[in-house]
Structures are given as structure tokens and as C-alpha cells.
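The values are calculated or read from the model by the stated rules, or taken from the named source; none is laboratory data. In this text, all values refer to a predicted model and were calculated from it rather than measured experimentally. Positions of Cβ are generated from backbone atoms using ideal geometry, with glycine treated the same way; all protein chains shown enter the neighbour counts. In case anyone asks, the SASA skips ligands and DNA or RNA and just uses the protein heavy atoms, side chains included. Shrake-Rupley method; radii C 1.70, N 1.55, O 1.52, S 1.80 Å.
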Amino acid sequence: MNQEEWRERENIYACWLCNFPDMGNRQRHRLSELCGGPEAVYLADKKKWGEVLQPKQVESLARYTALWKPQAQYRRMREEGIEVILIGDERYPERLRRIPDAPYCLFVRGELPGADTPAVAIVGSRECSAYGKYVAKVLGEALGKRGVTVISGMARGIDGISQEAALEAGGYSIGVLGSGVNICYPAQNRGLYEKLIKSGAVLSEYPLGTPARPQNFPPRNRIVSGLADAVVVVEARAKSGTLITVDMALEQGREVYVVPGRVTDRLSDGCNRLVKQGAGVVLGPESFLEEIFRLWETGKKPSFQDKERPNAFLEQPQPAGLPKELAEVLGALDFEPKSTEEIRGLLSAKYPEKHIVTCLMQLCMENLAVQVSPGRFCCRRD
């Protein structure tokens, strides 16, 4: 068997493994390392699976495997123009490979670029102002013309506008989805979705057919920032979901830049606060491009710091009036992502795992915690 045939077989069984819904990203990594690759996982017995998975997961995987036809399912996916790229594949983006909790595999539609060009993630408000739309368009266009890859989530507003502008300028863009790559979300961006497939790429870590659920987007954001050399925020409210991407970028050692706005404009509250904390400021496309190429060429380490609170990453404020069980779950979190099982082990009372998950989702809704990847949570950096 030559290298190409071996890679194809690994991809067939990676497709099987990644389509199984009851397994987390880290478990896929651990199983693959334990067994020696996705095909070896497929051929392993329940006892071997049980070294990583819970008994219910083992039984679920056995039932799923009995019904799954690896070659037929893989062939159907390839006929739709979708590839699966494993983390060990040379085509897997090098920037992404180096982040914490890197996706085990990527489902890709389109063509991924090489690592020989800089990449910038542009994120911001869906309900953006005319000013935000203008800046996103000008910035996306300037980056596209200079050959800088524009990364974003294909969402309404800032994301989609910047990506559309980059493509129209003859540039390249990647849309990172919170659904399967065969689902266009939002539906109103169908035109952009088709352009990305033709002149760029759309990718996701989620299996084909996965709907765009709210819980999928925070983990998705780590891929948006992970693919980029720097992240630019164009309009974000004080409690915007966009700031989750900023948190991910900082964890990954990426530079963060913002477009400042008027102090009376609530859409700029998040951006202006980041400026105060020390984020880079985008004053114009040309000066920003110079900075990006300098970063890319020199590999400069990030300089973002909270000037007022140098130890802000270590603090865990406890909001007043928080119910006891929520306060206890929050107290078990820090800025190192933890699984629900690890969190449960730190609690004084042995709550059922479902109850802990409910508490974690409530904390995420209150902007007190962040789901950084499927089943893993940490404190939100405020």
C-alpha cells in the first residue's frame, strides 16, 4: 500500500469516527493515539474503546458502527465535493494544528490555502451600523487585494461583509461554520457560501448534516482565531459574543486589533474597552497591512495586556446574588478549560452530570463562563 492509498483509508475511517455524535474532540484524539489511527480504532474491540470512553458511549459506538458503511458513506461525501482532513495530514493548516484542543479532523468544501501567506480573522456585530459595514468592506477589500486570507464565520453583518469584499477584490477567504459544511447558515448568505466554495473554502469540525445549534458557535470561534495570524474586531457590544473569539485568540497567542468607535455608540463599547486594555488599533487599511506583514514575517509574539489589571487572567470574581449551585460550579472553573467530569470532581456536592451541564450553560448565558470546545468550559475573561 502506497502513501496515497494509506491516507485514503485513514480518511475513510476518520469520516466514520468524526460522524459519531456521542464523542468529544479530545476523546477522538486519545482513541486515535491509543489505537494508532482511525482505521485501528474501527478495528478495535469494545474493551479497547472502554479505555477512553464511558460504557454507554462504547455501546452507542458499537450500535453506530454496525449500521455505518464506511466506504459507501465516504464515497457519498466525496461525490458532494467534501473532503475530510486529519490533523496529521500535510494539508491540515499548520496554524490550527498548534492551538490547544485542535480539531481532530476538518470537513472541507473548496480549497485550503498553503501556509505561505498571512491570514487575518475579521469578526464583529451581526447588527452592525453603516460605519461598521463600511469599515468591514474597506478592510476586507484591502486584505483581499494584497493576498491576505480573510477568515470569518460567514455570519450576517461584519463577518459576511468582509468576506464578500475580499472575494470581490480577487482575494481568498475561509468560512468557518457552526454546522456541517453541507448546510448554509445563515440561509440568506447562500450567495457568499457558493462563492467561498468556488474561490475559497468553507470548513467545519462538525459532521455533515449537523444543524447550526447555539452551543456549536463558541467552540467554532477557536478555529476562526486559530487559522489566523491576527484577529480584528469591527464593532462589538460590551457583552458581545464576538469577545469570545478575542478570548480564544489570546489563549492561542494571536494579536488582537480593534476598530475604535464613538464613546456614545453602544456597538463600539466592546471595541473601546479592548483599546483601553491594550489591543492594537486599526487606523487605516494601509498601516494595518504593514503591521500584518511585519507580524507574519517576524513571528512577533502578542503584546496585548490588560494594563489596569495585569493579573486579570488569574482573577475569578463572584457576582452577588448568584444561586449557590451556580456559584459553586463557577468556583470550580479557572482559565484552563476543564471537562464536565473534571468540574464535577472539584465540587463539594456530587451533582448529576446533567445538572452540571445545565449550570454551565446558564453561566455561559450570563457571560460568566465560556464553552471553548465541545464539553469543555472555562471562566470568561472580563
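Observations, loosely collected:
- FRET efficiency for LYS47 and GLU341, using Cβ-Cβ distance with R0 set to 25 Å, rounded to 0.05: 0.75
- Evaluated with a Cβ-only charge set (Lys, Arg +1; Asp, Glu -1), the stretch 174-243 carries a dipole of roughly 180 debye about its Cα centre, given to the nearest 20.
- Summed residue charge, Cβ within 14 Å of ARG344's Cβ, Lys/Arg positive, Asp/Glu negative: -1
- With the helix formula -39500 (n - 2.57) applied to DSSP H stretches of n ≥ 4, the chain reaches a computed 222 nm mean residue ellipticity of -13500 deg cm²/dmol.
- Rounded percent of accessible protein surface that carbon and sulfur make up, the chain, 1.4 Å probe: 52
- In the context of the full set of protein chains, the stretch 71-216 has a per residue accessible area of 40 Å² (1.4 Å probe).
- Partner aspartates and glutamates whose Cα lies under 18 Å from the Cα of LYS56, excluding those fewer than 8 positions away in the same chain, are identified as ASP22, ASP45, GLU341, GLU353.
- Using the average count of surrounding beta-carbon atoms within 10 Å as a protection proxy, the listed peptides 218-228, 255-265 rank, highest first, as 218-228, 255-265.
- Farthest toward the positive end of the dipole of the chain, out of LEU283, CYS364, TYR172, is the Cα of CYS364, where the dipole comes from beta carbon charges about the Cα centre.
- Its Cα centre serving as origin, the chain has a Cβ charge dipole (Lys and Arg +1, Asp and Glu -1) of approximately 680 debye.
- Label positions at ALA62 and ALA40, each projected 7 Å from the Cα along the C-beta direction, are separated by 2.3 nm.
- Cross-link partners of LYS145 among aspartates and glutamates (Cα-Cα below 13 Å; sequence separation of 8 or more within a chain): GLU164, GLU168, GLU286
- Cα gyration tensor, the chain - rounded (a/c under 1.5), prolate or oblate: oblate
- Above-threshold pairs, the threshold being 23 Å between Cα atoms, out of LYS324/LYS350; LYS133/LYS239; LYS46/LYS354; LYS47/LYS354: LYS46/LYS354; LYS47/LYS354
- If R0 is 30 Å, the Cβ-Cβ spacing of PHE20 and LYS239 corresponds to a FRET efficiency of close to 0.30.
- Antiparallel DSSP beta bridges within the chain, as percent of all bridges there, nearest 5: 40
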